[in-house]
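Data block below; observations after.
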Amino acid sequence: MSKSPIVEFKDFTFRYSTQREPTLKNINLTIYEGEKVLILGPSGCGKSTLANCINGLIPFSYPGEIQGSCKIAGNETSNSSIFNLSAVVGTVLQDSDAQFVGLSVGGDIAYALENDNMPREEMLPRVLNSATLVGMHEFLEHVPYNLSGGQKQRVSLAGIMHDHVKILLFDEPLAALDPQMGNQAIDLIDQIQKNNNCTVIIIEHRLEDVLYRPVDRIILLEDGQIVADMTPNELLCSNIIVEKGIREPLYLQALKMAGCNVTIEDNPCNVFNMNLEKYKDQLISYYSSVDTSKPEEDKEVVLEVKNVDFSYDKFKALDDVSFTINKADKIAIVGKNGAGKSTAAKLICGILRPDKGEVLIDGVNYLNYSIKEIGQRIGYVMQNPNQMLVKDIIKDEVSLGLVLNNKSEAEIEKNIEAALKKCDLWPMRNWPVSVVSYGQRKRVTIASILAMNPEIIILDEPTAGQDYRVYTEIMSFLESLNRDFGITILFITHDMHLAIEYTDRAIVFADGQCIGDDSVFRILSDNDIIEQANLKQTSLYSLATRIGLEPEKFIESFIVAERRKRHEKS
Amino acid sequence: MKNLNIINLTKGETFLHQLSGTTKVRLFATLMLYVMMSFDLPIILPLFIFSIIGIISLKPSWKVIKPLVIFVVAINILNVVLYWLANPLCGLEYTGDQTILFAYTDYLVVTKGTLWFLTIRLLKMLTAFSTSLAFIMSITPSELAAGLTSLGFPYKLGSIVEIAFRYIPDISRDYENIAVSMQCRGLELDAKKTKPIERLKQMILILIPLIVTSFDRVGNISNAMDLRGFGKGKKRSYYSEYPERKNDKIFKLIYCLITIFCAYYIISGIITPRDPKMWLYWR
C-alpha cells in the first residue's frame with residue numbers, strides 16, 4: 001500500500017526575523033499519513049521551530065524568512081492561514097498550564113468550537129465525546145487549578161480533536177509529568193493514533209520514555225539540520241545518539257557496559273520484546289563480578305526531622321514524617337505532585353514550621369532560629385532560575401543574599417569570589433544575567449545560594465526541561481560540589497535516571513507520609529513503593545527480571561559500575 | 001480552589017446563579033441606569049431591598065464578603081461626612097429646607113434638608129454597591145464575556161476579562177514561590193521589622209522575577225489561543241452560556257420594563273424639568 005505524504009518539507013530553510021542565522025537549514029522531510037514519528041534532538045536544535053512550521057505559528061505568529069517549500073496535506077503553508085492549518089494539525093503544547101485557557105475542563109475543550117461560533121447545543125455532545133476519548137468526561141465542571149499535569153494535558157488533547165484533525169503534534173509531552181503519568185500519556189497517544197488513524201508527530205528528547213510504545217521513525221536534528229532519519233532499531237544500534245547528546249536508554253547502557261554488541265535483529269527498541277537470549281550469560285557474568293561493597297563510614301547527622309505533622313487549613317500535608325540527613329549525603333526526594341515533597345522542603349527551610357514534632361539542625365531545635373538564620377545554613381534553589389534572578393549583573397545576584405543579611409563588605413567580597421569560582425563563573429562575574437544560557441543561569445542561582453555557605457542545598461527539579469547535555473553539565477557540577485566541598489544535597493525530583501546516577505538514597509513521599517527511605521536501588525526494586533509514589537520501574541528492573549537476575553542486586557551493580565566508569569572518564 | 005474570593009469560576013446553584021450571562025449583564029446595566037437617574041426615595045429604596053434579598057439568596061460566604069462590605073460602607077460614610085464638612089448647607093439647593101437641627105459653630109450646622117439629602121445620597125451609593133455585589137457574586141468570568149458580547153461589545157474585550165481571571169491564581173502561586181525563595185535568601189517580609197521604604201524595595205525584588213516569568217507565559221498563552229482559532233470569525237459562541245430559559249424570559253420582561261420606565265422618567269424630566277423638590281416625600 002503506497003501511502004500519501006501529509007507533511008512535505010523540500011529544501012526548507014527558515015530564519016526568524018530577529019535572528020541572523022537560519023534556525024532550520026535545508027530540511028528535506030516527508031511524513032506519510034498514519035505514521036508515528038519522533039523528532040529528537042537537544043535543546044536549541046530547531047525541533048520546536050520545525051513543529052511551529054507544521055502548525056502554522058511560523059510564519060503567522062513568528063515572522064521570518066522562508067526558503068523552499070513546506071506542504072501540509074498538499075497545501076503550501078505560507079499560502080494558507082493559521083486557522084486553516086489548525087483544522088488539519090492539532091497541537092498539544094509543552095506548557096499544559098498555558099494551553100489551558102478555559103475556566104473549566106468543559107470550557108477549555110470547547111474553546112476551538114466557541115471560536116467557530118458553534119451553537120451551544122451542538123457543542124455539548126462534541127465536548128462530551130472528546131472528553132470521553134481522553135478519559136476526562138467525569139471532570140467537565142472542574143476548574144484547572146485542581147488538576148494534575150497529566151489531566152491538563154489530556155484536556156489539551158481533547159480540545160484539538162474535534163475536527164478529526166489529520167496530524168496530532170505533541171511538543172515535549174513528557175516535560176511536566178511524573179514517570180507514571182508520562183507512561184500513561186505515551187499510552188494514550190498510542191491508542192488515539194490507532195483508533196483515529198491519524199498521523200502523530202512527537203517532539204521530545206527523552207528517547208527511552210517515548211519508546212515505551214512503538215514509533216515508526218525517528219528524525220534526529222542537530223543545529224537545524226536533519227542528521228538521521230531512521231527506524232528506532234537502526235538509531236539505537238548506531239552510535240549517533242550518544243554523539244549528539246541524547247540520553248541512551250538505560251537498558252542499552254547496561255548492555256553496552258557489559259560489552260554486548262547489540263544489533264538491529266535483536267529489536268533493541270523495547271526492553272520487553274528485545275531478543276536477550278544471546279547476551280544473557282555475558283550480562284550475568286559482568287554484573288555478578290561488580291564489587292559493590294562499600295567502606296563503612298561514620299556519618300555525622302546534620303538534620304533530623306522527627307515525627308513532624310503539618311496541615312494547610314484542613315488538609316494534612318505531612319503526617320508523622322521522620323528522617324535524618326547526614327553530612328555530605330546526596331538524597332533524592334521523590335513522589336507524585338501533592339504528596340508532600342515541596343511541603344517537606346519548605347519545612348526544612350523554615351518557611352513553614354511543624355504543627356507537631358520537631359526539626360533539629362545539628363541537634364538544636366530550629367524553632368530557635370529565624371528563617372533568615374536557617375537560610376544561611378540551608379539553601380533552596382528553585383526549579384525555574386528565572387523565578388530567582390532579580391539583579392542585572394551576575395556578581396550582584398550572587399551577593400544579594402549576603403547584602404540582605406547585612407554582612408560586611410570584606411566578607412561579601414570573599415564569599416562571592418569563592419562561590420563564583422566554585423561554579424566556574426568567576427570570569428563572567430560582570431556579565432549581565434540576561435545574556436547567559438539556561439544552564440549558566442542555573443549555576444548563577446546555585447552560586448547565589450553557595451555564597452551564604454550553607455551546609456545543605458535543596459534543589460527543586462534541577463534539570464527539569466533540560467536536554468541531556470545541560471543535564472549532565474548541571475549534575476556533574478553538583479556532584480563535584482558534593483565531592484569536593486562536602487555539601488549535602490537534596491534533590492526534589494521525578495527523574496529516576498537522576499536518582500540512579502547521582503544520588504545514594506531516596507526518600508519517598510505519598511499522601512503526606514514518608515513511605516520509603518533507603519538506597520536508590522532498593523527503592524526502585526520495591527513494587528509497592530513504586531506504585532504508591534507514581535514512579536515507574538526502570539528498564540533495568542525489566543532487564544534484570546528477563547535475564548533472571550535479582551533486580552535489587554542488578555540495579556546496585558549497575559549503579560556502581562556506571563559511576564566507576566564515569567569517574568574514570570572525568 | 002473553586003472560587004477566587006467573591007468571584008465564582010464555575011456556575012453556582014442558586015436562582016440568580018442559574019440565569020444566563022446575557023440576562024445578568026443586561027439586568028445589571030439597566031439597574032445601574034435606574035439607580036443613577038434620580039434621587040427619588042420611592043425609586044431607590046425598593047432596589048436596595050431587592051438587591052439585599054438578591055445577595056442573601058446567593059448564599060455567600062459571609063466571612064469573605066464582610067471585609068469588603070465594611071470597607072465600602074465606611075468609605076461611603078466618610079464621603080458623606082466630607083461632603084457635609086465642605087458645605088454644611090449642601091441640602092438647601094435640593095430641598096429648600098434649612099431648619100437647623102444642631103449647630104456646632106456658625107459654619108458647622110446640621111439642617112434637616114442636608115441630613116435628608118445626605119441620607120438619600122448614602123442610600124443611593126449603597127444601592128449601587130449592593131446591586132454590583134449581587135451581580136459580581138452571581139456571574140462567572142465566562143458569562144460576563146458572553147454577556148458583554150450580547151451587549152455589542154467586541155468579544156476580544158470579554159476574552160481579556162476571562163483570561164485575566166484564569167491566570168490570577170497561577171500568578172499568585174508564582175508570587176508565593178518567589179517570596180519563599182527570597183525569604184530563604186534573607187529578605188525580611190515581616191511588616192513589623194522593616195520600614196515602609198525598605199518594604200517597597202523588597203517588594204520590587206519579588207516583582208521583577210514575577211514579571212519576567214509572566215511575560216514568558218503570555219507568549220505561550222497567545223500561541224495556544226491562535227492554534228485553536230481565536231479571532232477567526234466576527235462572532236463567537238460560549239460553552240458556558242446557557243440558552244434562554246423560563247426565568248431568563250421573565251427577567252427579560254423585567255429589564256425591558258425597567259428600561260422603558262427609565263427612558264420615560266429621563267425624557268419626561270428633560271421635556272418638563274422636574275421641581276427638584278418633588279422627591280421630598282417626607283413632608
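Among (1) within 29 Å of the chain's Cα centre (by Cα); (2) not in a helix (DSSP H, G or I), which single condition is A:Ser293 missing?
Here A:Ser293 meets the rest and fails (1).
Answer with yes or no whether A:Ile66 is among the β-branched types (Val, Ile, Thr), modelled with pLDDT of 90 or more and open to solvent by less than 10 Å² (accessible area, probe 1.4 Å).
Values: among the β-branched types (Val, Ile, Thr): yes; modelled with pLDDT of 90 or more: yes; open to solvent by less than 10 Å² (accessible area, probe 1.4 Å): no.
In short, no.
Going through the range A:230-267 one residue at a time, which ones are over 21 Å from the mean Cα position of the chain (by Cα), within 14 Å of A:Leu540 (Cα to Cα) and open to solvent by less than 60 Å² (accessible area, probe 1.4 Å)?
Scanning the range A:230-267 gives A:Ala254, A:Leu255, A:Met257, A:Ala258.
Inspect the range A:340-358 for any residue being without any contact (Cβ under 8 Å) to a residue 12 or more places away in the chain, under 25 Å from B:Glu188 (Cβ atoms), away from chain B (no Cβ under 14 Å) and surrounded by fewer than 22 Cβ atoms within 10 Å (Cβ to Cβ) and give the result as yes or no.
There is no residue in the range A:340-358 that is without any contact (Cβ under 8 Å) to a residue 12 or more places away in the chain, under 25 Å from B:Glu188 (Cβ atoms), away from chain B (no Cβ under 14 Å) and surrounded by fewer than 22 Cβ atoms within 10 Å (Cβ to Cβ).
Restricting to the range B:4-21, count the residues that are over 17 Å from the mean Cα position of the chain (by Cα) and either modelled with pLDDT of 95 or more or open to solvent by 30 Å² or more (accessible area, probe 1.4 Å) (or both).
4
Among (1) of a type in the set (Phe, Trp, Tyr); (2) at pLDDT 90 or above; (3) farther than 30 Å from A:Tyr32 by Cα, which single condition is A:Tyr111 missing?
(3)
Could you check how many residues of the range A:134-153 are more than 12 Å from every other protein chain (Cβ to nearest Cβ) and either under 26 Å from the mean Cα position of the chain (by Cα) or crowded, with 20+ Cβ neighbours inside 10 Å (or both)?
8
Take the range B:238-264 and flag every residue that is assigned to a helix (DSSP H, G or I) and open to solvent by less than 30 Å² (accessible area, probe 1.4 Å).
As a first pass, look at the range B:238-264 and keep what is assigned to a helix (DSSP H, G or I): B:246-264.
Those that are assigned to a helix (DSSP H, G or I) and open to solvent by less than 30 Å² (accessible area, probe 1.4 Å): B:Asp248, B:Tyr255, B:Cys262.
Checking the condition within 13 Å of chain B (Cβ to nearest Cβ) and surrounded by 23 or more Cβ atoms within 10 Å (Cβ to Cβ), which residue from A:Tyr438, A:Tyr369, A:Tyr380 passes?
A:Tyr380
How many residues does the range A:453-478 hold that are touching a strand residue (DSSP E or B) at 6+ places or on another chain (Cβ under 7 Å), farther than 20 Å from A:Leu174 by Cα and open to solvent by less than 20 Å² (accessible area, probe 1.4 Å)? It would help to see each step written out before you state the result.
Of all residues in the range A:453-478, those touching a strand residue (DSSP E or B) at 6+ places or on another chain (Cβ under 7 Å) come to A:454-462, A:478.
With farther than 20 Å from A:Leu174 by Cα added as a condition, the list becomes A:454-459, A:478.
Now restrict to residues that are open to solvent by less than 20 Å² (accessible area, probe 1.4 Å): A:454, A:456-459, A:478.
Looking only at that region, the number is 6.
Could you please tell me which pairs satisfy a Cβ distance under 7 Å, a separation of 6+ or placement on different chains, a first residue in the range A:289-303 that is over 19 Å from A:Thr488 (Cβ atoms), and a second residue that is modelled with pLDDT of 80 or more?
As it stands, the answer is A:Val290/A:Ser557; A:Val290/A:Val560; A:Val290/A:Ala561; A:Thr292/A:Glu556; A:Thr292/A:Ser557; A:Thr292/A:Val560, since those pairs meet every condition given.
Tell me the residue from B:Val69, B:Val80 that is assigned to a helix (DSSP H, G or I), under 27 Å from B:Tyr265 (Cα atoms), open to solvent by less than 70 Å² (accessible area, probe 1.4 Å) and in contact (Cβ under 8 Å) with a residue 12 or more places away in the chain, please. Walk me through how you get there before you give the answer.
Working: B:Val69 fails: under 27 Å from B:Tyr265 (Cα atoms).
Criteria check complete, one pass: B:Val80.
Residues checked against (1) polar (S, T, N, Q); (2) over 30 Å from A:Ser342 (Cα atoms); (3) out of contact with any strand residue (DSSP E or B) (no Cβ under 6 Å at 6 or more places or on another chain):
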residue: B:Gln98; (1), (2), (3): yes, yes, no
residue: B:Phe102; (1), (2), (3): no, yes, no
residue: B:Thr105; (1), (2), (3): yes, yes, yes
residue: B:Leu108; (1), (2), (3): no, yes, yes
residue: B:Ser138; (1), (2), (3): yes, yes, yes
residue: B:Glu143; (1), (2), (3): no, yes, yes
residue: B:Leu151; (1), (2), (3): no, yes, yes
residue: B:Glu176; (1), (2), (3): no, no, yes
residue: B:Glu188; (1), (2), (3): no, no, yes
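Go through the range B:220-236 and count every residue that is free of Cβ contacts under 8 Å to residues at least 60 places away in the same chain and more than 7 Å from chain A (Cβ to nearest Cβ).
Residues in the range B:220-236 being free of Cβ contacts under 8 Å to residues at least 60 places away in the same chain and more than 7 Å from chain A (Cβ to nearest Cβ): 2 in total.
Checking A:Glu277 against (1) open to solvent by 60 Å² or more (accessible area, probe 1.4 Å); (2) at pLDDT 95 or above, which single condition isn't satisfied?
It is condition (2) that A:Glu277 fails.
State the number of residues belonging to the range A:383-412 that are within 13 Å of another protein chain (Cβ to nearest Cβ) and assigned to a helix (DSSP H, G or I).
Summing the residues that are within 13 Å of another protein chain (Cβ to nearest Cβ) and assigned to a helix (DSSP H, G or I) in the range A:383-412 gives 13.
The values are calculated or read from the model by the stated rules, or taken from the named source; none is laboratory data. All values reported here derive from a predicted model rather than from experimental measurement. Using ideal geometry, Cβ is built from the backbone for each residue, glycine included, and neighbour counts are taken over all protein chains shown. We work out accessible area using only protein heavy atoms, side chains counted, and drop any ligands, DNA or RNA first. Shrake-Rupley method; radii C 1.70, N 1.55, O 1.52, S 1.80 Å.
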